[in-house]
Amino acid sequence: MRHIFVDTSAWYALINDADANHRRAKSYYLSLIKRRTALVTSSDVLTESYTRLRYSVGHRFAVRFHGMMEMAQRQGILRVVWVDEDIASEAWDIFERYEDQFFSFQDCTSFVIARRLDIRDVFAFDEDFGVMGFRVWPGHSNQRASAAVVETSKEM
């Protein structure tokens, strides 16, 4: 089964219908579900997503999102990897080494988790993952979004 790591930027765009990337996020998410792609995210990504939703669109959106995440886990669609001391330590090494980049510490924990699970594809609207060598889907343009769906279909 193919896996894809899901970043905060994707979760946020998926939930917030006022986000500029909402339509593309929803379309791409549905294509992943249809193809039975296993979704992976982290406890840090969820924490960041809850907080961002809470402060930008409201408490009920954050609560609704949490319910969606729990349901997806129960259905076997989503795996949440909890950031532990080893992941945090390795992420700190990345954070220190890449002072020329604007990676958040949470980004660095995501890099570590995706690498450890040999995940090369990331569902995000954040190009930081591209800087670290991951393939970022669906990208920033409609042309790239279409290419992502085609490319992902070929891999199956």
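Quick note: the coordinates plus some simple rules give every number you see, no bench work behind them. These numbers come from a predicted model, not from an experiment. Cβ atoms come from the backbone with ideal geometry, glycine included; neighbour counts cover every protein chain shown.
What to note about this one:
- Restricted to region 43-69, and to residues there that are among the charged types (D, E, K, R) and more than 16 Å from the chain's Cα centre (by Cα), the residue that is nearest to I15 (Cα to Cα) is R64.
- Scanning region 37-79 for residues that are more than 23 Å from D118 (Cα to Cα) and of a type in the set (A, V, I, L, M), we see that the one that is surrounded by the most Cβ atoms within 10 Å (Cβ to Cβ) is L53.
- Residues that are in contact (Cβ under 8 Å) with a residue 24 or more places away in the chain, among the small types (G, A, S) and surrounded by fewer than 22 Cβ atoms within 10 Å (Cβ to Cβ) within region 1-21 comprise just one, A18.
- A search for C-beta distances below 7 Å between a residue of region 52-63 that is of a type in the set (V, I, T) and any residue that is surrounded by 13 or more Cβ atoms within 10 Å (Cβ to Cβ), counting only pairs 6+ apart in sequence or on different chains, returns V57/N16.
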